[in-house]
Structures are given as C-alpha cells and as structure tokens.
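Novice: Here's a structure for you.
The values are calculated or read from the model by the stated rules, or taken from the named source; none is laboratory data. Owing to the predicted nature of the structure, the values given are computational and were not obtained by experimental measurement. Cβ sites come from the backbone with ideal geometry, for glycine too, and all protein chains shown count toward neighbours. Ligands, DNA and RNA are excluded from the accessible area calculation, which covers all protein heavy atoms including side chains. Shrake-Rupley method; radii C 1.70, N 1.55, O 1.52, S 1.80 Å.
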Amino acid sequence: MSVRMSDEDEKKITELIGHYPQKRAAIGDVLYMAQQNFGHLGPEVELYVAGLLDLPVTYVHQVVSFYNMYLQNPVGRNLIMLCDNVSCTLCGASGLVEHLAKKLGIGPGETTKDDKFTLWTVECLGACELAPCVMIGEKLYGRMTPEKLDEALDAVEQTDDA
Amino acid sequence: MPEVKLIKRFIETENGHRLREFESAGGYGSLRKIIGEGWDAQQVIDILKASNLRGLGGAGFPTGLKWSFVPKDIEGPKYLVVNADESEPGTFKDRHIISGAPHLLIEGAVIAAFCIEAEDIYIYIRGEYYEPARIMEQAIEEAAEAGYIGEDFLGSGHTVRVHLHRGAGAYICGEETALLSSLEGGKGWPKLKPPFPAIKGLFGKPTIVNNVETLSQVPIILDKGAEYFASLGIERNGGTRLFGVSGHVKRTGIYELPLGTPMKELIYEHCGGIRNDRKLKAVIPGGSSCPVLTAEQAASINMDFDSLAGIGSMLGSGGLIVMDETTDLVQILWRICRFYAFESCGQCTPCREGTGWMTRIMERIAKGEGTVQDIDDLKEVAEQIMGNTVCPLGDAAALPVVSFLSKFRADFEAQVGPRRVHAGAVVTQAEAEEN
Ligand SMILES: Cc1cc2nc3c(=O)[nH]c(=O)nc-3n(C[C@H](O)[C@H](O)[C@H](O)COP(=O)(O)O)c2cc1C
Ligand code: SF4
Ligand code: FES
C-alpha cells in the first residue's frame, strides 16, 4: 500500500483546513478521508496524516485512539454496529446478538472468515424509539427482528458480491 | 392535552427538510424580521429571557442569560457552536430536527450568531449520524444559495459562515468543553470551568454552545412572542420540548408537550400505555444519567426542570426510558455502568477508576456472584466519585447507581448472597416479537 491520497483528495484537504483558523482542527475530517482511502489507520497512515497537517505523529495517534470510529485495525468489508444500550436491551438486543452468533458464527468484536462482516456491539445510536437498532455501514435499521436482520444482511451481501 | 407542535409542525411538513417547503411553512420569517426591521441583539435577548427558554441539551440553563455573557466590546472572532452530538442513551430528539427541519436549526443558529456577533457557526454532529449529516449539508448549501447565510446575508451587512463538523464516536464530546477540545482537533477532554466558554471557548475566543433543540425554538419564540411561549409552560420553565420516549411503551417516539405536563399523561395517553398492558416498574426521565423514578413517582411527577429537580432527579435531555414490571434492573444498571466506564475520558482518577470499579461489581452481581457487601461497596464508590471530577460525567455515572440502589434495593438483594438468582436476558426475543 502506498500511503498517499490522490491530488484531488489532497486539494480537498486544503479546502477542509480553510474551515478552521488552525490547521490541526481539520484532523477529524482528514482521518475520515484517510480511512476511506486506506481502510484503517495504521502507523504509516498516521505518519502521512501527521505530515499533511504538520503535527507530531504521536499527536495523531492519540487522536486516532481516542475516538471509536477511527479504525486502528482492519475490520471486515461490512461493519455491523449493534446497539445494546438500555432501550435496545429492553427491546430485545440480546436476541439479535444470539442470532448473529448462529448465523455468522461471530460474537462482538469478531470478523467472519471471509472478511465480509465484523460485529461490534455499540453504545446508543440515537435512535432509541426504533429499538432495537443496528447500523450496517452507513445505514440505520430500526425495530430489528432476526428476520429483518437476515433481510438486511442478504441485501448487503448482494452488493458485496457484485 | 394534545401536543403543541411548535417544532414538530416543521418536522411533519412534507419535504420540510427542503428550503422551499420550509419557507412555505413560514420558515426564515423571524430572521427576515429581525434583519429587515433592524433589530439589535438586546431586543432578541430580552425576548428570550421573557420567554423562559431553557437549554434543552441537559443542563437547563436560561438561554437568553447565557447569550448575554458574551463580552461585547472586544476585538477578534467569536463563535457559535451547535451541539448536535446527541449520544446520551435514551435521547434521539435532535436527530428528528436535523433530519426533518434542518433549516429551522440554521435559522435559530444564524439569529444566535447575529446576537453574539459570531461570524462562524460550527455544527458538531455525532459521527454515526451519516444520513442526518447529508441532509444538514444540503440545507446549508440551500441556505447559502438563497442568501440566508454568507457574506452580507439578507443585506444585513453581517457575515455568517456555517460549517458542519463530524464527531467520531465519543459520548464525552457532548459535554461542551470536551466538544470544544474535539473541535479544535484534539482528544475530547473536558476542561475545568471557569473560564466559561462564553469568555474563553473555541480557539480561546468567546463561544456559545447551544443544543440543537434550544436553537430551533428561537425563531419560533420570535415569531409567536415571549408571552405565548412562556404561558405554555410553567413558571421559569417556558414553552414546549420534544420528549423522546423509548422502552416498554406501546408507541415510542417524540412528543412535543409543554413543560410541566404530567408524566402520566405522556406515558398513558400519548404513548398508549405500557406494552402488553403490563405494570410500570421504573422510568429514567431524561437520558441515562438521570436518577431513576419509581412507578409511584412517575405517576405523580410533572415534566419540567424544577419539578424533577425537586424530587432529586433531572429533566436532562427529555429522553424517557420506560421499563415495565418484567425488567431486570440489575442487568440494566450493569449496562449503564459499562457505558460510563467505556466513555470516561480517563482524565480524573475518581471517574476513570470508579466507573471501572462499579462496572466490575455490577458484573459480579448480575452474574449471581455478588454479595450484600458488594451492594454497599457500590454505593460507596459512587458517592466518592460525586463532586470530585473535572466534568459532570463522573456524577452522571454515579447518580444512576445511587438512585437504583436506594429505590430498588430489594431487586439487588434478591440477586446476591444466599438468595442468588441468575438473571438471564432482560427480554426474550419471543417477547420482543410479540410486541
Ligand atoms: C457528559 C455530558 C454529555 C453531554 N452531551 C450532550 C449532548 O449530546 N448534546 C447536548 O446538547 N448537550 C450535551 N451536554 C450538555 C452540554 O455540556 C451543554 O450544557 C449544552 O450543549 C448547552 O446547550 P443548551 O444550553 O442549549 O442546553 C452534555 C453534558 C455532559 C456533562
Ligand atoms: S469526570 Fe470523567 S469524563 Fe469528565 S473529565 Fe473527568 S475522567 Fe473525563
Ligand atoms: S439505546 Fe439503542 S439506539 Fe439508543
């Protein structure tokens, strides 16, 4: 992996920096872009981002490790975030975890052998009225049941295989 | 009493997230009025003060008063920051505003920026809100094209720029000083107050941080008048708020009701009562940090800041979590403890160590391995956290523990010591489906 984004992306970064009086304030967006490009934020990527923003690499690493959505390690192609906070637990989240264990053979924090899915149990997703909630990639699914979860995973697999 | 749909009217407008529909529903009228008629900031602030609008992000601080703290006679930039981090378990109202009425938020934010003389507005939106962020981005573009924001907006001679900033998954960034640290490009570490953000905030400059819903009420108050808004609520608690109800009610969702509405009315009339017509066991009244209420308390309390504070709880974010008689409160408190331990920023020892400690004790109790001593230790750890930390997350972690233990001690005692009972799942999947 050559750790460099396209010229176009680097230009976008200049634009992002323009939103703030200090360059380093753009780090959040730059990390998201880097993650899109490289999948996760390993040491080489941290070094690259540090260079882009004139920051010490240890600083970048501290930021990356503070936030949950920056991936320090690779995950499967589709990240399943299953909320098991209070409202979702009250409405059956644990049944969904059990269902995924049966269906995909993975528990929280694990990835399927074919690298297709990673399961995370996560904190409240801000959609408690739709409990239990699951996010797959960027899409939120509410009032989940094992059947609806199957449907959602099937739909993801179809685009994944295509 | 039926809902009073001040904000919800816009959310329920078909395609209300688009500029044209928002304008047709009367949107941007208040901004046009104050600019067109040449109002000054003090006029707006006086109206907000008279309206009794209080911050709807959790703390309930009077909004007009907060804006008046920004120094007027100093050089240099000032900032308005919109807190759209919404991560308090049980809270989801801001998502409905951002997705359904983003222009209402922009209108309120621009009015706020005008009042505090800020030229930059940062909307800090939680990272998991992908779709709401896209809707917000589109609304910002529409508002810029129509001249509601930008240089010399509406011919006002003022400039305002709106920036959308995505968070990256850290509950603590909802706390305003942590949010500012994060926005500056750092870890989301809270800072000691004072200095308050109004004096020294973002990039060291005077900054107001307001919640999404608070700002969205501003154009409505300017449109309908302070007296009307104040008269909806009760003394010192003006207007309506979006109560978000989740858990074991028949109809979960957001309900816009005047402050002071009886909780009973919200749960039994608007939400249709408890699922499967079971009995109510407990209610968390305003996001998971708020001390839990018993069914008896829920039956008699009114939903406003002062009434809930009066019984030792809080109105918080207005997110109610309703639990029926089948709920295993031991499992729930364990889950709450895990949340705060996971989200503690780790900066202060009592919070960092205490939240972990409480979680381990709760785990023991929940797995049927606890003792009566554990219950007492738990309470003691919680009490040692309270009041000894940089930010209120420490208290937020301790208060649920203290309240669950004092109000439902029997539930905990039933699962420790000689009378150990293994808890099991809170709700079986079959039961969830039945609902
Ligand atoms: C741990 C913690 C988390 C918070 N999370 C949020 C949040 O997600 N959204 C919010 O608006 N306020 C949140 N607050 C409250 C903010 O610190 C701040 O009081 C609020 O944004 C001020 O806006 P308001 O006056 O309009 O309510 C949180 C506070 C604490 C202590
Ligand atoms: S109370 Fe907890 S979250 Fe707040 S600053 Fe201290 S360690 Fe961080
Ligand atoms: S508790 Fe699951 S979305 Fe809020």
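The rows are residues; the columns are (1) among the small types (Gly, Ala, Ser); (2) surrounded by fewer than 19 Cβ atoms within 10 Å (Cβ to Cβ); (3) in contact with a Pro (Cβ under 7 Å, 6 or more places away or on another chain); (4) modelled with pLDDT of 95 or more.
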site: B:GLU353; (1), (2), (3), (4): no, yes, no, yes
site: B:ILE361; (1), (2), (3), (4): no, no, no, yes
site: B:ALA396; (1), (2), (3), (4): yes, no, no, yes
site: B:LEU399; (1), (2), (3), (4): no, no, yes, yes
site: B:ARG409; (1), (2), (3), (4): no, yes, no, yes
site: B:GLN415; (1), (2), (3), (4): no, no, no, no
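Novice: Ok, one more. From B:ARG95, B:ARG126, grab the single residue that is touching a helix residue (DSSP H, G or I) at 6+ places or on another chain (Cβ under 6 Å) and within 16 Å of ligand 3 (Cβ to nearest atom). Lay out the reasoning, then the answer.
Specialist: Details: B:ARG126 fails: touching a helix residue (DSSP H, G or I) at 6+ places or on another chain (Cβ under 6 Å).
When all the criteria are applied, what remains is B:ARG95.
Novice: Another question, if that's okay. What is the number of the single condition among (1) more than 9 Å from chain B (Cβ to nearest Cβ); (2) out of contact with any helix residue (DSSP H, G or I) (no Cβ under 9 Å at 6 or more places or on another chain) that A:LEU47 does not meet?
Specialist: Among (1) more than 9 Å from chain B (Cβ to nearest Cβ); (2) out of contact with any helix residue (DSSP H, G or I) (no Cβ under 9 Å at 6 or more places or on another chain), the lone unmet condition for A:LEU47 is (2).
Novice: Only one residue in B:LEU333, B:LEU329, B:LEU320, B:LEU315 is within 13 Å of ligand 1 (Cβ to nearest atom) and either within 29 Å of A:PRO132 (Cβ to Cβ) or assigned by TED's automatic domain parsing to the domain that holds B:HIS96 (or both). Which one?
Specialist: On the way: B:LEU333 fails: within 13 Å of ligand 1 (Cβ to nearest atom); B:LEU329 fails: within 13 Å of ligand 1 (Cβ to nearest atom); B:LEU320 fails: within 13 Å of ligand 1 (Cβ to nearest atom).
Answer to the check: B:LEU315.
Novice: Here is a follow-up. Just the residues that are in contact with a Pro (Cβ under 9 Å, 6 or more places away or on another chain) and either within 14 Å of chain A (Cβ to nearest Cβ) or surrounded by fewer than 20 Cβ atoms within 10 Å (Cβ to Cβ) (or both), please, taken from region B:302-313. Outline the logic, then answer.
Specialist: Kept after step one, since they are in contact with a Pro (Cβ under 9 Å, 6 or more places away or on another chain), are these residues of region B:302-313: B:302-304, B:308, B:311-313.
Within region B:302-313, B:ASN302, B:ILE311, B:GLY312 meet the criteria.
Novice: Restricting attention to region B:71-83, which residues are out of contact with any Asp or Glu (no Cβ under 6 Å at 6 or more places or on another chain) and crowded, with 24+ Cβ neighbours inside 10 Å? Lay out the reasoning, then the answer.
Specialist: So the first thing to find is which residues in region B:71-83 are out of contact with any Asp or Glu (no Cβ under 6 Å at 6 or more places or on another chain), and the list is B:71-77, B:80-83.
Once the filter is applied, which keeps residues that are out of contact with any Asp or Glu (no Cβ under 6 Å at 6 or more places or on another chain) and crowded, with 24+ Cβ neighbours inside 10 Å, region B:71-83 yields B:LEU80, B:VAL81, B:VAL82, B:ASN83.
Novice: Which of (1) over 21 Å from the mean Cα position of the chain (by Cα); (2) on the phi < 0 side of the Ramachandran plot is the odd one out, the single condition B:GLY368 does not satisfy?
Specialist: (2)
Novice: How about region B:322-351: which of its residues are within 14 Å of B:ASP395 (Cα to Cα), open to solvent by 20 Å² or more (accessible area, probe 1.4 Å) and assigned to a helix (DSSP H, G or I)?
Specialist: B:ALA341, B:THR349, B:PRO350 - these are the residues of region B:322-351 that are within 14 Å of B:ASP395 (Cα to Cα), open to solvent by 20 Å² or more (accessible area, probe 1.4 Å) and assigned to a helix (DSSP H, G or I).
Novice: Quick check, is A:VAL134 within 10 Å of another protein chain (Cβ to nearest Cβ) and among the β-branched types (Val, Ile, Thr)? Steps first, answer last, please.
Specialist: Values: within 10 Å of another protein chain (Cβ to nearest Cβ): no; among the β-branched types (Val, Ile, Thr): yes.
In short, no.
Novice: Looking at the structure I just gave you, is B:MET386 farther than 26 Å from A:GLY92 by Cβ and away from chain A (no Cβ under 11 Å)?
Specialist: Details: farther than 26 Å from A:GLY92 by Cβ: yes; away from chain A (no Cβ under 11 Å): yes.
Answer is yes for this residue.
Residues checked against (1) within 30 Å of A:LEU153 (Cβ to Cβ); (2) open to solvent by less than 20 Å² (accessible area, probe 1.4 Å):
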position	(1), (2)
A:VAL3	no, no
A:GLU10	no, no
A:PRO21	no, no
A:GLY42	yes, yes
A:VAL49	no, yes
A:THR58	no, no
A:VAL63	no, yes
A:PRO74	yes, no
A:ARG77	yes, no
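Novice: Taking region B:229-270 on its own, how many of its residues are within 13 Å of chain A (Cβ to nearest Cβ) and in a strand (DSSP E or B)? Walk me through how you get there before you give the answer.
Specialist: Initial filter on region B:229-270 (within 13 Å of chain A (Cβ to nearest Cβ)): B:242-255, B:270.
Within this subset, residues satisfying the condition of being in a strand (DSSP E or B) are B:242-247, B:249, B:253-255.
Residues that pass the stated criteria total 10.
Novice: Next question, about the same structure. Among B:LEU329, B:LEU320, B:LEU333, B:LEU293, which is within 21 Å of B:GLY247 (Cβ to Cβ) and over 22 Å from the mean Cα position of the chain (by Cα)? Let's see the steps before the verdict.
Specialist: Numbers: B:LEU320 fails: over 22 Å from the mean Cα position of the chain (by Cα); B:LEU333 fails: over 22 Å from the mean Cα position of the chain (by Cα); B:LEU293 fails: over 22 Å from the mean Cα position of the chain (by Cα).
Step by step, each of B:LEU329, B:LEU320, B:LEU333, B:LEU293 is checked, and only B:LEU329 is within 21 Å of B:GLY247 (Cβ to Cβ) and over 22 Å from the mean Cα position of the chain (by Cα).
Novice: Looking at B:GLY253, B:GLY319, B:GLY239, which is the one that is surrounded by 24 or more Cβ atoms within 10 Å (Cβ to Cβ), at pLDDT 95 or above and within 16 Å of ligand 3 (Cβ to nearest atom)?
Specialist: It is B:GLY319.
Novice: Any residue at all in region B:139-149 that is at the interface with chain A (Cβ under 9 Å from one of its Cβ atoms), in a helix (DSSP H, G or I), more than 16 Å from ligand 3 (Cβ to nearest atom) and not aromatic (Phe, Trp, Tyr)? Walk me through how you get there before you give the answer.
Specialist: From region B:139-149, those at the interface with chain A (Cβ under 9 Å from one of its Cβ atoms) are none; that's our starting set.
Checked region B:139-149: no residue is at the interface with chain A (Cβ under 9 Å from one of its Cβ atoms), in a helix (DSSP H, G or I), more than 16 Å from ligand 3 (Cβ to nearest atom) and not aromatic (Phe, Trp, Tyr).
Novice: Can you list the helices (runs of 4 or more DSSP H) lying wholly within region B:38-122 that have 1 or more residues being within 14 Å of another protein chain (Cβ to nearest Cβ), acidic (Asp, Glu) and under 19 Å from the mean Cα position of the chain (by Cα)?
Specialist: Details: elements: B:41-51, B:63-68, B:93-100, B:102-116.
In region B:38-122, B:93-100 are the helices (runs of 4 or more DSSP H) which contain 1 or more residues that are within 14 Å of another protein chain (Cβ to nearest Cβ), acidic (Asp, Glu) and under 19 Å from the mean Cα position of the chain (by Cα).
Novice: Counting just the residues of region A:79-120 that are within 16 Å of ligand 3 (Cβ to nearest atom) and open to solvent by 40 Å² or more (accessible area, probe 1.4 Å), which one comes out nearest to the other protein chains (Cβ to nearest Cβ)?
Specialist: Step by step, filter region A:79-120, then rank; the result is A:SER94.
Novice: Another one. If a residue has to be touching a residue at least 60 places away in the same chain (Cβ under 8 Å), of a type in the set (Val, Ile, Thr) and either open to solvent by 10 Å² or more (accessible area, probe 1.4 Å) or closer than 20 Å to B:VAL44 by Cβ (or both) to count, how many in region B:92-116 make the cut?
Specialist: Going through region B:92-116, the residues touching a residue at least 60 places away in the same chain (Cβ under 8 Å) turn out to be B:92-94, B:96-105, B:107-112, B:114-116.
When the remaining residues are screened for being of a type in the set (Val, Ile, Thr), the result is B:97-98, B:110-111, B:116.
Imposing the further condition that a residue be either open to solvent by 10 Å² or more (accessible area, probe 1.4 Å) or closer than 20 Å to B:VAL44 by Cβ (or both) reduces the set to B:110-111, B:116.
The total comes to 3.
Novice: Of the numbered conditions (1) within 11 Å of chain A (Cβ to nearest Cβ); (2) open to solvent by less than 10 Å² (accessible area, probe 1.4 Å); (3) closer than 25 Å to B:ILE135 by Cβ, B:GLY174 satisfies every one except a single condition; which is it?
Specialist: (2)
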